[in-house]
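Novice: One structure is given below, represented as structure tokens, and several questions about it will come after.
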Amino acid sequence: MFNLLISSGEDSWQNGTYEMPHSRVAIEYTVDQISERYKSLNPEAIEELKSFPCIFVVENEPIPSKIGYISDVRIRSETVVIHFEFDPIIPELPVGAIEALKSEIDLGRWELSRTHWAIKDESLFEILVRRNYVNQQQVEASFLRRNPPSASSSEDGGGKKIFIVHGHDDLAKLEASKFVSDLGLEPIILHQQASAGMTIIEKIEHYSGEGVGFGIVLYTPCDTGAKVGALTASYRARQNVVFEHGYLIAKLGRSNVTALVKGNIETPNDISGVVYVSLDHEGNWKTELLRELRGAGYQV
């Protein structure tokens, strides 16, 4: 997920604050599900939006665009005041970069000509690294700057850490992470952890170690697949989700891993006795997941 802020004035992003009509926040060029989550700008929504990177753009890109984060949002009668800061590690994007990335960042046809605040369900830094606008070392350094290791990060956490495996559905990831945090437990999400030179499998081994006593695996319809020769395809979770699901079962035990399944999606047919819980809109999954956590020995 990332924020996209577009303004008409070339001096809009010079002073660290910008005022915008509330009617243009999280509504235009934002998919309905995401808009419903954020357009109210309640305190919970603001905190989530502050955690997403943000691209600051001037309409039609007469000058380079910059990347940073929203630091605060103040709500007035008809406007919102946005406080922000640029990331000193991530380089600015050259003129024309936003247009060049339009298909990858889900940019609307006339979006570059409209002052607004949109929220996009895309992984910004993955895209920028792939297109060579930034490198992985800069992304890692930026993460460490915003998330410096604390003294408590080396402690085992007394089994209070919950490892969350996910695909491209950021809303599902946020819902699961918030549920875990609200229980007083610590969600461990791999892409939010520093790589420190580790490969992906080394990161999984490292961050699913001490203090992690339970795993939540999000099966969301991120990919499609079918047998060779089949005329139709089915929705599937990403391959990394299936792999990490099996890894957590082997490491934590089958009873300590629960899969949350969103919609009509294929699940592995060779893992018997696995707990699958429907990630329903009504929130019944929370009750079922709570039951599984208690069954695993968590005092929640």
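The values are calculated or read from the model by the stated rules, or taken from the named source; none is laboratory data. Worth saying up front: this structure is predicted, and the values here are computed from it rather than measured. When we count neighbours, we look across all protein chains shown, and the Cβ atoms used for this are built from the backbone with ideal geometry, even at glycine.
Novice: Output the number of residues of region 12-33 satisfying the condition of being under 14 Å from PHE84 (Cα atoms) and either among the small types (Gly, Ala, Ser) or part of a loop (DSSP other than H, G, I, E, B) (or both).
Specialist: Total meeting the criteria: 5.
Novice: Pick from GLU61, GLU36, GLU48: which is closer than 20 Å to GLU122 by Cβ, of a type in the set (Asp, Glu) and not in a helix (DSSP H, G or I)?
Specialist: Every option except GLU61 fails the conditions.
Novice: Being surrounded by 18 or more Cβ atoms within 10 Å (Cβ to Cβ), among the charged types (D, E, K, R), in a helix (DSSP H, G or I) and modelled with pLDDT of 75 or more is the requirement here; does LYS173 meet it?
Specialist: yes
Novice: Return the only residue of TYR276, TYR235, TYR298 being crowded, with 18+ Cβ neighbours inside 10 Å and aromatic (Phe, Trp, Tyr).
Specialist: TYR298
Novice: If only one of LYS39, LYS66, LYS50 is among the basic types (Lys, Arg), touching a strand residue (DSSP E or B) at 6+ places or on another chain (Cβ under 7 Å) and in contact (Cβ under 8 Å) with a residue 24 or more places away in the chain, which one is it?
Specialist: When all the criteria are applied, what remains is LYS66.
Novice: Another question about this same structure. Kindly indicate which of ILE98, ILE105, ILE55, ILE67 is more than 21 Å from ASP170 (Cα to Cα), assigned by TED's automatic domain parsing to the domain that holds ASN135 and surrounded by 14 or more Cβ atoms within 10 Å (Cβ to Cβ).
Specialist: ILE98
Novice: Here is a further query. Can we say ILE82 is surrounded by 14 or more Cβ atoms within 10 Å (Cβ to Cβ), within 16 Å of the chain's Cα centre (by Cα) and not in a helix (DSSP H, G or I)?
Specialist: The answer is no for ILE82.
Novice: Please verify whether ASP87 is crowded, with 17+ Cβ neighbours inside 10 Å, under 21 Å from the mean Cα position of the chain (by Cα) and free of Cβ contacts under 8 Å to residues at least 60 places away in the same chain, treating the condition exactly as stated.
Specialist: Details: crowded, with 17+ Cβ neighbours inside 10 Å: yes; under 21 Å from the mean Cα position of the chain (by Cα): yes; free of Cβ contacts under 8 Å to residues at least 60 places away in the same chain: yes.
Taking the combined requirement at face value, the residue satisfies it.
Novice: Let me spell it out: the conditions are (1) farther than 15 Å from THR115 by Cα; (2) over 18 Å from the mean Cα position of the chain (by Cα), and SER71 meets all of them except one. Which number is the exception?
Specialist: Status for SER71: all satisfied but (2).
Novice: Moving to a separate point now. Report whether or not LYS102 is within 21 Å of the chain's Cα centre (by Cα) and in a loop (DSSP other than H, G, I, E, B).
Specialist: Considered against the rule, which asks whether it is within 21 Å of the chain's Cα centre (by Cα) and in a loop (DSSP other than H, G, I, E, B), LYS102 comes out as yes.
Novice: Related question: Taking region 108-127 only, how many residues are in contact (Cβ under 8 Å) with a residue 12 or more places away in the chain and either in the same structural domain as LYS173 (by TED's automatic domain parsing) or in a helix (DSSP H, G or I) (or both)? Please lay out each step first, then the result.
Specialist: Just the residues of region 108-127 that are in contact (Cβ under 8 Å) with a residue 12 or more places away in the chain, to begin with: 108, 111-125, 127.
Right, trim to either in the same structural domain as LYS173 (by TED's automatic domain parsing) or in a helix (DSSP H, G or I) (or both) and you get 111-113, 124-125, 127.
Residues flagged as in contact (Cβ under 8 Å) with a residue 12 or more places away in the chain and either in the same structural domain as LYS173 (by TED's automatic domain parsing) or in a helix (DSSP H, G or I) (or both) within region 108-127 amount to 6.
Novice: Next question, about the same structure. Within region 214-266, track down each residue that is in a loop (DSSP other than H, G, I, E, B) and hydroxyl-bearing (Ser, Thr, Tyr).
Specialist: THR220, THR232
Novice: While we're here: Name the residue that is nearest to GLU10 (Cα to Cα), counting only residues in region 108-147 that are charged (D, E, K, R), surrounded by 14 or more Cβ atoms within 10 Å (Cβ to Cβ) and at pLDDT 95 or above.
Specialist: My answer is ARG114.
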